[in-house]
Number of protein chains: 2
Amino acid sequence: MDKPQKPDPVRRFRDYRWDATDLLAYKEEGSAPFKAITRQTLFRDPALRAELRYFEVSPGGYSTLERHEHMHAVLILRGGGECLIGGEVRKIQTNDLVSIAPWTWHQFRASADDHLGFLCMVNVERDKPVQPTAEERKALEADPRIAAFLKQD
Amino acid sequence: MDKPQKPDPVRRFRDYRWDATDLLAYKEEGSAPFKAITRQTLFRDPALRAELRYFEVSPGGYSTLERHEHMHAVLILRGGGECLIGGEVRKIQTNDLVSIAPWTWHQFRASADDHLGFLCMVNVERDKPVQPTAEERKALEADPRIAAFLKQD
């Protein structure tokens, strides 16, 4: 019988894919609004209390508008775009850092002509995101800059 | 009295420095052998069970040869070089992933002509690294590839 193979401690990068790392759906299709975004789990290990994921949004795509108790620690690894963080819409570029505090509404959007790839560190033990009610969305859209950001769908 | 200023959720990147992020000594001078390496803590927050640091090694520099119970999850952000992981010396390039399992000897070295910058995710609660005894170092050096890697100091 073959000995079980030990995973290689070095995983090579090529064109925003990594060896021995699956390209996954961002979320279950139909579970929430999103567009043109994929997920790769770069590090998840019983020895680690947090995990590191890589999300990649194609030009014109976006993540789900949501919030949760747990915090997101984000580093933009590829390209750029914009993100909504609470009451602000901010431009984001490669290697910028983004802190999403607990219960802050957030959404990431790639530029029309560029990918947006980002690392996201989260605790392994964390709560599920919630999406805005119609009322909460209306309150966000009261700010014309946020309304313009959200209506690009 | 001025209201305490809320930290900006977006920290801009410029030339491997980030806004509102201190450039720190790698370790206390004289506490362990290392050369030409700096540290920036990108994310450390009471809401996170892990922290994300950025280490940058100048050409010809290196981190301390050490091991510990806690795991390192590494992504090379800039340049390249080599690392020792247990019994292996491996080439590393930008965006490659490196998993340092518990109690594995490891050391990062920049190329002679390139910087080596890497992200390192670790648990907030973790043990202190230990350095090899003379005997353990001798055992490592029994492998000529490891001896060649270590003698570049």
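Apart from one condition, A:Lys128 fits all of (1) in contact with a Gly (Cβ under 8 Å, 6 or more places away or on another chain); (2) surrounded by fewer than 18 Cβ atoms within 10 Å (Cβ to Cβ); the exception is (1).
When B:Gln40 is tested against the conditions (1) more than 14 Å from every other protein chain (Cβ to nearest Cβ); (2) at pLDDT 95 or above; (3) over 26 Å from B:Lys138 (Cα atoms), the lone failure is (1). Look at B:Pro33 and say whether it is touching a residue at least 40 places away in the same chain (Cβ under 8 Å) and assigned to a loop (DSSP other than H, G, I, E, B). For B:Pro33, the condition - touching a residue at least 40 places away in the same chain (Cβ under 8 Å) and assigned to a loop (DSSP other than H, G, I, E, B) - is met. Pairing each residue of the stretch B:120-143 that is under 17 Å from B:Gln107 (Cβ atoms) and in contact (Cβ under 8 Å) with a residue 24 or more places away in the chain with any residue that is surrounded by 11 or more Cβ atoms within 10 Å (Cβ to Cβ) and of a type in the set (Lys, Arg), provided the two are 6+ apart or on different chains, yields C-beta distances under 7 Å for B:Cys120/B:Arg53; B:Pro129/B:Arg67; B:Val130/B:Arg67. In the stretch B:62-108, the qualifying residues are those that are surrounded by fewer than 21 Cβ atoms within 10 Å (Cβ to Cβ) and small (Gly, Ala, Ser), and the one that is nearest to the other protein chains (Cβ to nearest Cβ) is B:Ser99. Among residues that are in contact (Cβ under 8 Å) with a residue 24 or more places away in the chain, within 9 Å of chain A (Cβ to nearest Cβ) and closer than 28 Å to A:Asp96 by Cβ, B:Leu48 is included. Restricting attention to the stretch B:33-70, the residues that are among the aliphatic types (A, V, I, L, M) and on the phi > 0 side of the Ramachandran plot total 1. Every listed requirement among (1) surrounded by 21 or more Cβ atoms within 10 Å (Cβ to Cβ); (2) farther than 19 Å from B:Leu119 by Cα is met by A:Phe118 save one, (2). How about the stretch B:72-87: which of its residues are among the charged types (D, E, K, R) and under 13 Å from B:Tyr54 (Cβ atoms)? Within the stretch B:72-87, just B:Arg78 meets the criteria. Take B:Val57 and tell me if it is within 13 Å of another protein chain (Cβ to nearest Cβ) and either surrounded by 20 or more Cβ atoms within 10 Å (Cβ to Cβ) or of a type outside the set (Phe, Trp, Tyr) (or both). For B:Val57, the condition - within 13 Å of another protein chain (Cβ to nearest Cβ) and either surrounded by 20 or more Cβ atoms within 10 Å (Cβ to Cβ) or of a type outside the set (Phe, Trp, Tyr) (or both) - is not met.
Please indicate, with yes or no, whether at least one residue in the stretch A:5-24 is more than 11 Å from every other protein chain (Cβ to nearest Cβ), more than 30 Å from B:Cys83 (Cβ to Cβ) and part of a strand (DSSP E or B).
No, because not a single residue in the stretch A:5-24 is more than 11 Å from every other protein chain (Cβ to nearest Cβ), more than 30 Å from B:Cys83 (Cβ to Cβ) and part of a strand (DSSP E or B).
The values are calculated or read from the model by the stated rules, or taken from the named source; none is laboratory data. Please read all numbers here as calculations on a predicted model, not as lab measurements. Heads up, the Cβs are rebuilt from the backbone with ideal geometry, glycines too, and the neighbour counts pull from every protein chain shown.
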